[in-house]
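Here's the structure we're looking at; comments come further down.
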Amino acid sequence: MPVLVQPPFNYTGSKYRLLPQLLPLFDYSRPALVDLFAGGGSVWCNLVPHFDRVIANDIIRDLIGAQQALMDGDAIVHETKALCVAKDDKPAYHRLRDDYNREPSAAKYFALTLCCNNNMARFNASFRFNQTFGRRTWNSSTTEKVSRYTAHIRLYRSRVHFVPSDFAQVAIPDNSMVYVDPPYSNTEAGYNSYWRKDDDRRLFRHLLRLAERGNVIAVSGVLRHNGKESPLLNLLIDAGWQTHLVHSDYSVVSKVGPKESQEVLLTNYEPAGMPLAEARQEPAEAVPA
């Protein structure tokens, strides 16, 4: 198992700690990886050495923008440091949050996530950032994490194409490895505010179309949480997709204590169960927009 790189974006539901279980289940024979709900980027940034092309998509435009900016250079690092508020300055945090909601930018988003409660971004249904103050700021750990992350991802600058879009609008090449980690409609995570009632079924239909085009697809999710079933996962299981159990513990981020959850990875293919593929040495051309 290679040394894993942790992105500087703390994100609810991040798969960073689950990567040792997930990596052997991916199909590395495909030329392209599509991280359809990239979130903080822990999956794509650790898999980019093993695919010729990577598409990283998320509907949170400034989260994707921050990842793109860190790929491009250090300007966002300097801007974000200047925007971060002092650990005891709650009014300054509220001013930054209001300013972001009026005129959003990647640097403001990054600064808010570093200063907010648990460093976890949260939006309301109108896509306004509404996470509370966390008495946090940029620190030496942030500097180290950003340095390691940028040193790694910039090696593969030509391979990665960032997309800030609804999942159905992403142009996915045929014969891709598609990883799907959508908001879990049966949990209470803060990013679920913009996941609508019909989105599970809409995503299900989209995944079937992608599968028909020859793509291999892996879908993360929680089968049941606090007695609530996952509509998306149940539809995929009924359609014959394979279920792989994943050991996780999300109780540490639960507001009301431990809950019964079963994390799984569903696939429309038979995983080889082999060690992580060798890194592909020759960078490919950037994926066209």
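Scanning the stretch 85-114 for residues that are open to solvent by 50 Å² or more (accessible area, probe 1.4 Å), closer than 28 Å to residue 166 by Cβ and free of Cβ contacts under 8 Å to residues at least 40 places away in the same chain yields 98, 102, 103.
Name the one entry in 174, 166 that is touching a Lys or Arg at 6+ places or on another chain (Cβ under 8 Å), within 30 Å of residue 223 (Cβ to Cβ), of a type in the set (Asp, Glu) and surrounded by fewer than 20 Cβ atoms within 10 Å (Cβ to Cβ). On inspection, the qualifying residue turns out to be 174. Residue count for the stretch 135-163 satisfying the condition of being open to solvent by less than 50 Å² (accessible area, probe 1.4 Å) and closer than 17 Å to residue 72 by Cα: 12. Tell me, please, whether a residue that is crowded, with 24+ Cβ neighbours inside 10 Å and among the small types (Gly, Ala, Ser) can be found in the stretch 23-32. No: zero hits. Note on the stretch 227-244: among residues that are assigned to a strand (DSSP E or B) and in contact with a helix residue (DSSP H, G or I) (Cβ under 9 Å, 6 or more places away or on another chain), the one that is nearest to residue 196 (Cα to Cα) is 243. Of everything in the stretch 61-84 that's in contact with a Ser or Thr (Cβ under 7 Å, 6 or more places away or on another chain) and either among the aliphatic types (A, V, I, L, M) or assigned to a helix (DSSP H, G or I) (or both), which residue is least open to solvent (accessible area, probe 1.4 Å)? Per the stated criteria, the residue is 70. Evaluating residue 136 against the criteria (1) basic (Lys, Arg); (2) in contact with a helix residue (DSSP H, G or I) (Cβ under 6 Å, 6 or more places away or on another chain); (3) closer than 16 Å to residue 64 by Cα leaves one unmet condition, (3).
The values are calculated or read from the model by the stated rules, or taken from the named source; none is laboratory data. Worth saying up front: this structure is predicted, and the values here are computed from it rather than measured. Virtual Cβ from ideal backbone geometry, glycine too; neighbours counted across all protein chains shown. Side chains included, ligands, DNA and RNA excluded: accessible areas come from the protein's heavy atoms. Shrake-Rupley method; radii C 1.70, N 1.55, O 1.52, S 1.80 Å.
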